[in-house]
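See structure below.
Laboratory data are not the source of any read-out in this text; all were calculated from the coordinates shown. Note that the structure is a prediction, hence the values are computed from the model and not measured. Here the Cβ is made from the backbone with ideal geometry for all residues, glycine too, and neighbour counts use every protein chain on show.
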Amino acid sequence: MNNTVSSHAGTDISTWQAFCATLKRDLVIALKRKNDLLNPIMFFLIVVSLFPLGISPDPVELSKVSAGVVWVSALLASMLSLDNLYRADYEDGSLEQLLLSPQPLYFLVLAKNIAHWLISGLPVVVLSPLLAYMLYLPSEAYWTLVLTLLIGTPVLSLFGSIGVALTVGLGSRGLILAVIVLPLSTPVLIIGAKAVTDVMFGLPIGNHFALLGAILAMALTMAPLASAAALRISVN
Amino acid sequence: MWLWFSKLGSPRWFYELSNKWLPWLYAAMIALMAIGLFWALLIVPEDYQQGQTIRIMYVHVPVASISLACFPLMAVAGTITLVWKMKLADMVAKSVAPIGAWFTGLALASGAIWGDQIWGTWWAWDARLTSLLIQFFLFIGVIALRSAIESQDAAAKACAILAIVGAINVPIIKYSVEWWNTLHQPASSISFDSVAPNPPEVWVPLLIMISAVYVFFVIALILRTRNEILQRERRSQWVIDLVSREKSV
């Protein structure tokens, strides 16, 4: 009697509980590894501060490119941290447990993606005004930059997750991941950076937000499905 | 219908059937190419604005139109691979990726040569050029993923997923890029769509060239797929028989 109960215990938790448990687990693991947590943020800071060295210290020139620089750096920082998403889980076998669990994989993947965004995307969003200030972005564009990053960086995590899921089983995957993920991320980069530059010219930006929101909605509904399918292939 | 469908999935059946198709396709391509090239390069009058360079269009437009068709084709083949596990569909998907990359590269190159003459620059961050460039990167991604995964079965499924995700993204990229560069810079004076207002002596040879290059594309795809079939089925009896027959001839 006891046996049957315990063997079914795993299926008794609801999808919502499984979602929360996965999210919590990933966040706890990330908080315990301070280096992994800091690296994307440091990378973001360093890349952004390379641009003035490469372009010019001139405020006029820098303010023209500042939106694009922050956006491209955010994109690269998000990609750099992607490997954490499934790799450790793949190596210690917990990813297999995730795939075997009776819960819908869509929600588990979504939980992992949200955790990844909270760890790597949100700090970038929070830091962006500081970097925008250092790059002489006009102050009226700060909020637009923060808001576009707030909508755009989750999309980067969701698209990136597909790329990692496809390559998690491979030995050397660093560059392949970039080749797969970066072209997919171009629409978000274009629209996000465009919104910020448009606000600097005093143009209306409502349509940019509508498009970014549409892409986020599409990514939220469809990208985890693709990630889940890819994971099932990679972990065969 | 289902019998036909499952038959189509058999690589051997396709190999034998394409043997019969190929001579006709070769003949059609040579005829269309000869007429099209002769007409386009020698008979079509010079454009009053672009002069002789208008003839680049007869290569550029067919190549570009096919490069746009390759990604959807790869996604459809990928879907068939995932849903029906048809081996042939994956062979087609694998064969179309490098061809698509080549055609995209050719479209970019011929466009650059044309652009140098008309715009005075090899490269501009024009919407069409940029979206084609990103599509080129997507093809490279699919090819890189395929070569990185050792297991053939896993590579087939992974590339199928990437092809589908990419195909959903291609229109988004296209529209975002178009809209990105049309706000700052009014639509350029050279429109690639300007076939309609032109007289038939300009667009009829273009149609012939488009069909000629399409037939060329189909031939290239069939030949690549046939190679793939022979490679994957090299242990099956019919391929061994085929090779020994070829050797004895």
Next item on the list: Report relative contact order for chain A in percent, whole number only (criteria: Cα-Cα under 8 Å, sequence separation at least 6).
Entry: 25 percent
Next item on the list: Among A:Ile176, A:Leu166, A:Tyr90, flag the residue with its Cα farthest along the positive direction of the charge dipole of the stretch A:14-234, charges on Cβ as +1 for Lys/Arg and -1 for Asp/Glu.
Entry: A:Tyr90
Next item on the list: With a ≥ b ≥ c taken as the square roots of the eigenvalues of the C-alpha gyration tensor of the protein assembly as shown, please select rounded if a/c is under 1.5 and otherwise prolate if a/b is larger than b/c or oblate if it is not?
Entry: oblate
Item checked: chain B, dipole about Cα centre (Lys/Arg Cβ +1, Asp/Glu Cβ -1), debye to the nearest 20 -> 1120 debye
Note to self: Distance cut-off 30 Å, Cα to Cα: go down the list B:Lys20/B:Lys247; A:Lys32/B:Lys157; B:Lys94/B:Lys174; B:Lys94/B:Lys247; A:Lys112/B:Lys157 and report the pairs above it.
What the structure shows: A:Lys32/B:Lys157
Check: With a 10 Å Cβ neighbour count serving as the proxy for reagent exposure, in which order, fewest first, do B:Trp13, A:Trp71 appear?
Finding: B:Trp13, A:Trp71
Check: Under the rule of -39500 (n - 2.57) per DSSP H run of 4 or more residues, summed and divided by the residues of chain B, what mean residue ellipticity at 222 nm is obtained, to the nearest 500 deg cm²/dmol?
Finding: -27500 deg cm²/dmol
Notebook entry, point to check: Projected onto the charge dipole of the stretch A:16-58 (+1 at Lys/Arg Cβ, -1 at Asp/Glu Cβ, origin at the Cα centre), which of A:Leu38, A:Pro57, A:Ala21 gives the Cα projection farthest towards the positive end?
Noted result: A:Ala21
Next item on the list: Just name one of B:Ala40, B:Val92, B:Tyr175: the one whose Cα is farthest towards the positive end of the charge dipole of chain B (beta-carbon charges, Lys/Arg +1, Asp/Glu -1).
Entry: B:Val92
Check: Along the stretch B:238-246, what does the Karplus equation 6.51 cos²θ - 1.76 cosθ + 1.60 (θ = phi - 60°) give for ³J(HN,Hα), rounded to whole Hz, x for Gly and Pro?
Finding: 5, 6, 4, 4, 4, 5, 5, 5, 4
Margin query: Let me spell out the model: positive unit charges on the Cβ of Lys and Arg, negative unit charges on the Cβ of Asp and Glu, origin at the Cα centre of the stretch A:14-234. What dipole size does that give, in debye rounded to 20?
Written below: 320 debye
Margin query: What is the sum of charges, Lys and Arg at +1 and Asp and Glu at -1, for the other residues whose Cβ falls under 12 Å from the Cβ of A:Ile233?
Written below: +1
Check: Arranged by the count of other C-beta atoms within 10 angstrom, fewest first, what order do A:Val72, B:Val63, B:Val243 take?
Finding: B:Val243, A:Val72, B:Val63
Item checked: Calculated Rg and Dmax of chain B using C-alpha coordinates, Å -> 20.6, 67
Check: Taking the Cα-to-Cβ direction at A:Cys20 and at A:Ala214 and moving 7 Å from each Cα, how far apart do the two end points lie in nm?
Finding: 3.6 nm
Checklist line | Segment B:Val249-B:Asp153, extension gain: residue separation times 0.36 nm, minus the distance between their alpha carbons | finding: 31.0 nm
Item checked: Average other protein chain Cβ within 10 Å of Cβ, residues B:156-169 -> 5
Notebook entry, point to check: What nm value, rounded to one decimal, do you get for the distance between A:Val126 and B:Asp47 when each label is placed 7 Å out toward the C-beta?
Noted result: 5.6 nm
Item checked: Rel. contact order, % - alpha carbon contacts under 8 angstrom, at least six apart, chain B -> 31 percent
Check: Which ordering of A:Lys24, B:Lys157 is given by a fewest-first count of other beta-carbon atoms within 10 Å?
Finding: A:Lys24, B:Lys157
Next item on the list: Step through the residues of the stretch A:22-33 one at a time and calculate ³J(HN,Hα) from phi using the Karplus curve (6.51 cos²θ - 1.76 cosθ + 1.60, θ = phi - 60°), rounding each to whole Hz and writing x for Gly and Pro.
Entry: 5, 4, 5, 4, 5, 5, 4, 4, 5, 5, 7, 9
Notebook entry, point to check: For A:Leu99 and B:Trp84, what does the FRET efficiency come to when R0 = 25 Å and r is the distance between their Cβ atoms, rounded to the nearest 0.05?
Noted result: 0.60
Note to self: Calculate the FRET efficiency for B:Ile168 and B:Ala112 from the Cβ-Cβ distance with a Förster distance of 25 Å, rounded to the nearest 0.05.
What the structure shows: 0.30
Checklist line | Peptide B:135-143, shielding by other chains (average Cβ, 10 Å cutoff) | finding: 4
Note to self: Distance between the C-alpha centers of the stretch A:81-157 and the stretch B:154-171? Whole Å please.
What the structure shows: 22 Å
